[in-house]
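K.L.:
Here it is, the structure, as structure tokens.
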Amino acid sequence: MKIFEHLETINTPRAVVADYEAVHLFLVEITEYLTTPHRGFFEEVIDDPFPGYEVHKKGVTKILPNHNMAAAMQGVRYDDDLAVVW
């Protein structure tokens, strides 16, 4: 992927590292409040360098395997919004 080749040119490395450290410390603190089974899963997710993205398949995956999510873009008309005469 081209974006990986140009990350340093589009970001300030020191700022990126500082942001990473801040997020890492925040996530570590969250783990202290989770129950044991949830902590294990959460640590698995945060240890993944690309959570929710399968690098080898180059595609998005589910972070929460037992949850389904649906989303709709605001302003987009869907079939049930269209004035269709059957």
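The values are calculated or read from the model by the stated rules, or taken from the named source; none is laboratory data. All of these numbers come straight from a predicted model, not from anything done at the bench. Every residue, glycine as well, gets a Cβ built from its backbone with ideal geometry; the counts of neighbours run over all protein chains shown. Each accessible area value is taken on the protein alone, full model and side chains, heavy atoms only, with ligands, DNA and RNA left out. Shrake-Rupley method; radii C 1.70, N 1.55, O 1.52, S 1.80 Å.
K.L.:
Using only the Cα atoms, work out Rg/Rh for the chain, with Rh taken as the Kirkwood radius, to two decimals.
P.N.:
Result for the chain is an Rg/Rh of 1.13.
K.L.:
Taking loop as defined by DSSP and a crowding limit of 13 other beta carbons within 10 Å, which chymotrypsin sites (Phe, Trp or Tyr not before Pro) in the range 16-62 fit?
P.N.:
Passing both the DSSP loop test and the Cβ count: 33.
K.L.:
Would you mind finding the longest exposed-site-free stretch of the chain, with exposed trypsin sites (Lys or Arg not before Pro) meaning DSSP loop and at most 15 other Cβ atoms within 10 Å?
P.N.:
The longest such stretch corresponds to 1-56.
K.L.:
Still on this model: Take the chain, connect every pair of alpha-carbon atoms lying under 10 Å apart with a spring to form a Gaussian network, then pick out the residue of 76, 16, 28 with the largest mean-square fluctuation.
P.N.:
Comparing 76, 16, 28 in a Gaussian network model of the chain, the most mobile one is 76.
K.L.:
Another one. Given a Förster distance of 35 Å, report the FRET efficiency between residue 21 and residue 73 from their Cβ-Cβ distance, rounded to the nearest 0.05.
P.N.:
Here the calculated transfer efficiency is 0.55.
K.L.:
With a 1.4 Å probe and every protein chain left in place, work out the accessible area per residue of the chain in Å², rounded to a whole number.
P.N.:
97
K.L.:
Please work out whether the range 1-48 counts as rounded, prolate or oblate from its C-alpha gyration tensor, where a ≥ b ≥ c are the square roots of the eigenvalues and a/c under 1.5 means rounded, while otherwise a/b larger than b/c means prolate and anything else oblate?
P.N.:
Details: a/c = 6.80, a/b = 2.10, b/c = 3.24.
Note, shape of the range 1-48 comes out oblate.
K.L.:
Within the range 1-30, list the residues whose amide N lies under 18 Å from a label point set 7 Å along Cα→Cβ of residue 50.
P.N.:
Backbone N within reach: 1-8.
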